[in-house]
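Beneath this line is the structure, given in structure tokens, with notes to follow.
The values are calculated or read from the model by the stated rules, or taken from the named source; none is laboratory data. What you are looking at is a predicted structure, and each value in this text was computed from that prediction instead of being measured. Glycine also receives a Cβ, built like all others from the backbone with ideal geometry; neighbour counts cover every protein chain displayed. Please note that ligands, DNA and RNA were not included when accessible areas were found on the heavy atoms of the full protein model with its side chains. Shrake-Rupley method; radii C 1.70, N 1.55, O 1.52, S 1.80 Å.
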Amino acid sequence: MKKELCFEEYLDNVAQCLEKLSDDNIGLNESLELYKNGMEHLQKAQKMLENAQLQCQELKMQFAKDEE
């Protein structure tokens, strides 16, 4: 089972994939694998960001309700 990474680690992995993809000597199969890996990590980071935004909105609503 894969270890769940933090948001920053996912973004770092995406950056590493992009860096490797810019190499002119990379083969097609390796390029496709890097692209797939990068997109998976980007989607996971995006989901984490969306969850954090939802939590912030819920907290704002909770604090607004408490101030009433």
Only one of (1) under 11 Å from the mean Cα position of the chain (by Cα); (2) surrounded by fewer than 14 Cβ atoms within 10 Å (Cβ to Cβ); (3) touching a residue at least 12 places away in the same chain (Cβ under 8 Å) fails for His41. Which number is that? (2)
Specify the residue that is least open to solvent (accessible area, probe 1.4 Å); the eligible residues are those in the range 14-38 that are small (Gly, Ala, Ser) and assigned to a loop (DSSP other than H, G, I, E, B). Gly27
